[in-house]
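The values are calculated or read from the model by the stated rules, or taken from the named source; none is laboratory data. Owing to the predicted nature of the structure, the values given are computational and were not obtained by experimental measurement. No Cβ is skipped: glycine too gets one built from the backbone with ideal geometry, and neighbour counts run over all protein chains shown.
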Amino acid sequence: MTTLIRLEILRTLRNRRYLLFTIAYPALMYFFFIHAYDSTKLAGGLPVKTYFMVSMATFGAVGAVLTGSAQRISLERKSGWVRQLRLTALPGRAYTFGKIAASAVTTLPAILVVFAVGASQGVSLGAAQWIGLVAALWLGSFVFAALGVALGYAAAPDSVQTIVMIAYMLMSLFGGTWFPVSGSLEKFAQFNPVYLYNKLATFTQPGHSLDTVAVAGLAGFLAVFVAAAAVLYRRDTRQA
Amino acid sequence: MDTEVAAFRGVGKSYGRVRAVDGLDLVLRPGETVALLGPNGAGKSTSLDLLLGLREPDQGSVSLFGGSPREAIAAGRVGAMLQSGGLMADVKVRELVRLACDVHPRGRSVTGVLTDAGITELAERRVDKLSGGQEQRVRFALAIAGNSDLIVLDEPTTGMDVSVRQAFWASMRAQADAGRTVLFATHYLEEADSIADRVLVLHRGRLIADGSSAEIKARAGARRVAFELHDGDLSGAAGPFEDSVLRTLPGVQSLDVTARVPGVRTVRIRTADADASVAGLYRAGLYPRGLEVTGLGLEQAFLTITGEQDNQDAVKETVR
């Protein structure tokens, strides 16, 4: 199983589209946002530079896992690679584990690159806060990895890209990725995993601890996505 | 001792109202090289899917090495190449083969597998940059990545050109010579004829013939008689020549007359009794030139057998 996981990671890192879309693009967007907004103000309870550093890191991480797992699973179901793997001694879940592991590894660069850019632009946090923030965002990305797996088993390759992009853009738009949500939008945002994901960063503010409501919400989404992925995976296995 | 590699017992499988496999009973024994023949839609791929546990039968049971297909695969006793078996993209051939060798409980060396599949020179190529025939050989490499007892190949030479196909047959024979049981589905009859020591003919989900290639040909029974008739030779015959004379010869099952050159007809007859047909030719006052009597190839035998089955089915339908 380790060979499969290693190969899954390797091929994702080799993919140029991945590098461009999930690493370079959010970093560039970050420059755009910190210059477009007044960086002396607060956004969503955080300094503008910190806020967008987090929102771009989550943007890259969510993009990495959604496109990585959903599209690949969907394509590989169609191409028959999933069937071919079922003819090996590997247990059926190895394939899904491989995808999630590859997702987990590939979100780290997406987070770290934007954080490095943020630090170079004057975001200053304590060492514990930096480490805590990386850990929180990295763990949070598993929620979306599970969603990616579910979508990959739910849709055919020609429709999965559209579904992923729509879900990704809507969640980002109303989840505070490009602008902090406020007012009535914020009420709906409580049911948006990307909004909750971005909320994980508020503990870096003086006087705040980790937002337990966001953590609980994300845990709920994780449970739902994992359950959906499991049901869809079994359906796929029966159809061969 | 294992005396049964694989067994289908009363296996049925339907997709909606289509009966893909209909009451299949079949046992494969160790060391056999078995070809599974059948027209498209005969149920070949479904049968292999059932054998490999990719699908569950609606009726009956499938066993591999006395256990379930999944158990046999987990124990590394089966290597398989699917027609619809995709390959992992964005990796090199060597990396993919190494994966297959690593996960196989009785995995072989990567170099050995690459050599046996004839893809050593492709090892550093990206899997997604291969031609169809090259992909087939990589799939074959995945099927032989371990010391399996049974190798299952679904349409292995599809997409290969003639010379590559010949080389591929040598690789298949090498697997059989190593003592493995080989089961392959194909629609190239030449492939079945030259490699298999047992041929199964599947038609509309049923096994309609099971035997050596020679037995299948004999079962079809018919022979082919071919000759030319020149108008100049017919002067002695009573009246102008009619095709109906040929049709009424004893034993004739089908008749094909072409006249590409004026005054020369090429006649091909399929007959259940070649001796009687030829004797009848001379009795009718005809003078056949370039007379040839040949046994049917496996291809014609196959068409005869499936055609007979269709006729029987049609009769049953009418009776109902």
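A few remarks follow.
- Within the range B:173-193, being farther than 20 Å from B:Val162 by Cβ and in a helix (DSSP H, G or I) holds for B:Gln175, B:Ala176, B:Asp177.
- B:Arg206 vs. criteria surrounded by 20 or more Cβ atoms within 10 Å (Cβ to Cβ), among the basic types (Lys, Arg), at negative phi and touching a residue at least 40 places away in the same chain (Cβ under 8 Å): no
- Boolean, B:Ala192 is in contact with a Ser or Thr (Cβ under 8 Å, 6 or more places away or on another chain), more than 13 Å from chain A (Cβ to nearest Cβ), at pLDDT below 90 and within 30 Å of B:Asp313 (Cα to Cα): yes
- Unique match (being within 17 Å of A:Leu133 (Cα to Cα), more than 14 Å from chain B (Cβ to nearest Cβ), in a helix (DSSP H, G or I) and among the hydrophobic types (A, V, I, L, M, F, W, C)) among A:Phe33, A:Phe52: A:Phe52
For (1) surrounded by fewer than 19 Cβ atoms within 10 Å (Cβ to Cβ); (2) at the interface with chain A (Cβ under 10 Å from one of its Cβ atoms); (3) over 26 Å from the mean Cα position of the chain (by Cα), each residue gets a yes or a no:
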residue: B:Val78; (1), (2), (3): no, yes, no
residue: B:Ser84; (1), (2), (3): yes, yes, no
residue: B:Ala89; (1), (2), (3): yes, yes, yes
residue: B:Ala100; (1), (2), (3): no, yes, yes
residue: B:Gly107; (1), (2), (3): yes, yes, yes
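- Residue list for the range B:273-304, restricted to those being closer than 29 Å to B:Leu200 by Cβ, modelled with pLDDT of 80 or more and part of a helix (DSSP H, G or I): B:Ala274
- Verdict on B:Glu95 being touching a strand residue (DSSP E or B) at 6+ places or on another chain (Cβ under 9 Å), free of Cβ contacts under 8 Å to residues at least 40 places away in the same chain and not hydroxyl-bearing (Ser, Thr, Tyr): no
- Look at (1) modelled with pLDDT of 90 or more; (2) closer than 17 Å to B:Val201 by Cα and you find that B:Asn40 fails only one, number (1).
- Which listed residue is out of contact with any strand residue (DSSP E or B) (no Cβ under 6 Å at 6 or more places or on another chain) and of a type outside the set (Ser, Thr, Tyr), from B:Arg204, B:Arg180: B:Arg204
- Selection count, the range A:61-85, where residues are within 14 Å of another protein chain (Cβ to nearest Cβ), touching a residue at least 24 places away in the same chain (Cβ under 8 Å) and over 16 Å from A:Glu8 (Cα atoms): 2
- Condition check for B:Thr111 on (1) surrounded by fewer than 23 Cβ atoms within 10 Å (Cβ to Cβ); (2) within 12 Å of chain A (Cβ to nearest Cβ): one failure, at (2).
- Residues satisfying the stated conditions in the range B:3-34, i.e. loosely packed, with under 15 Cβ neighbours inside 10 Å and aromatic (Phe, Trp, Tyr): B:Tyr15
- In the range B:148-196, the residues that are under 18 Å from B:Ala80 (Cβ atoms), over 11 Å from the mean Cα position of the chain (by Cα) and of a type in the set (S, T, N, Q): B:Ser148, B:Thr157, B:Thr158, B:Ser171, B:Gln175, B:Thr181
- The condition of being of a type in the set (A, V, I, L, M), within 14 Å of chain B (Cβ to nearest Cβ), in contact (Cβ under 8 Å) with a residue 24 or more places away in the chain and farther than 19 Å from A:Val194 by Cβ does not hold for A:Ala101.
- Failed condition for A:Thr88, given (1) free of Cβ contacts under 8 Å to residues at least 40 places away in the same chain; (2) polar (S, T, N, Q); (3) not in a loop (DSSP other than H, G, I, E, B): (3)
- Only listed residue being at pLDDT below 85, of a type outside the set (A, V, I, L, M) and closer than 26 Å to A:Ile163 by Cβ, chosen from A:Thr58, A:Thr40, A:Thr22: A:Thr22
- Candidates A:Thr96, A:Thr58, A:Thr88, A:Thr107: the one that is of a type outside the set (Gly, Ala, Ser), touching a helix residue (DSSP H, G or I) at 6+ places or on another chain (Cβ under 8 Å) and either more than 21 Å from A:Val143 (Cβ to Cβ) or within 14 Å of chain B (Cβ to nearest Cβ) (or both) is A:Thr88.
- So A:Ser172, is it closer than 18 Å to A:Ala64 by Cβ and of a type outside the set (A, V, I, L, M, F, W, C): yes
- Condition met for A:Phe191 (of a type in the set (A, V, I, L, M, F, W, C), at pLDDT below 90, over 30 Å from A:Leu232 (Cβ atoms) and surrounded by fewer than 23 Cβ atoms within 10 Å (Cβ to Cβ)): no
- A:Ala27 vs. criteria in contact (Cβ under 8 Å) with a residue 40 or more places away in the chain, more than 14 Å from chain B (Cβ to nearest Cβ) and among the small types (Gly, Ala, Ser): yes
- The set of residues from the range B:25-64 being within 14 Å of chain A (Cβ to nearest Cβ) and in a loop (DSSP other than H, G, I, E, B) comprises B:Leu52, B:Gly53, B:Leu54, B:Arg55, B:Glu56, B:Pro57, B:Asp58.
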